[in-house]
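Values quoted throughout were computed directly from the atomic coordinates according to the rules given, and no laboratory measurement underlies them. Since the structure is predicted, the reported quantities are computational estimates derived from the model, not experimental observations. A quick note on method: Cβ atoms are made from the backbone with ideal geometry, for glycine too, and the neighbour counts reach across all protein chains shown.
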Amino acid sequence: MRIFIALDIDDVIREGIQRFMEGVRGFAPDARWVRPESLHVTLKFIGEKPVEAVEDIKQVLAAVQAESFDLTFEGYGFFPTAKAARVFWVGIEAGPQLGQLAKKIDDSTAALRIPREEHAFDPHLTLARGGGRSGAPGWREGDAANRHFQLLQGKLSGMPTPEFGTMTAREFFLYESKLMSGGSRYTKLARFALGSSAPNQV
């Protein structure tokens, strides 16, 4: 099973981002755009694991203690740079709680010998990929100046900074990712509550 850990986003924010995507995607027709229903804030990507290992991961995640917190979705950018753009993303503003949650998850899964993250947590919401499948922020082999998002960048430069709203994160999820025709499909395997209530799994 190919799995990762992420926050879901509120429907009203998802709908606002969907309208934004519909307005600009024609300026990057060759990019692979994320389906709006699949939008999420990745906290940790784990990768392929057997079913029995997934059950162990659920157990350690259930022990993670963290408070709920607010996230604001606004602005945009490109990874790794605008000239060598491989990923188009929406920005996320949050207090230290978001990074702390990601670290607690990284620490808890490290106890199962899952490799720790090599880079600092950089929260973002991926909207489109162009040139290579990786959505990682840093440079990857093969990154170079390209034109995947050139028209889109010109369009965005003439628009006001997009703002999509603020939500309160009250839970995070363990997801399974399945590669299907038309893109990946994500299924929630377990839910873990943030705040004073005990984590519940689904």
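Among the lysines of region 2-193, pairs that are 8 or more positions apart or on different chains and have alpha carbons within less than 26 Å of each other number 20. Distant-in-sequence amide contacts of Leu127, defined by a placed amide H-H separation under 5 Å and a gap of 5 or more residues or a different chain, comprise Phe88, Trp89, Val90. Here Cα extents along the principal axes in Å was calculated from the structure, and among (1) 53, 35, 31; (2) 46, 35, 34; (3) 47, 34, 30 it sits at label (3).
Remark: spin-label model distance Ala120-Ser38 equals 3.0 nm, labels positioned 7 Å along the Cα→Cβ axis. Computed extension length for Glu163-Gln97: 21.6 nm, one decimal, from 0.36 nm per residue of separation with the Cα-Cα distance subtracted. Amide H to amide H distances under 5 Å link Ala190 with Leu174, Val202, where only residues 5 or more positions off or on other chains count and H is placed in the peptide plane. Spin-label pair Phe27-Lys83: with each label point 7 Å from Cα along the Cα-Cβ axis, the two points sit 2.1 nm from one another. Taking label points 7 Å from Cα along the Cα-to-Cβ direction, Val12 and Glu176 give a separation of 3.4 nm.
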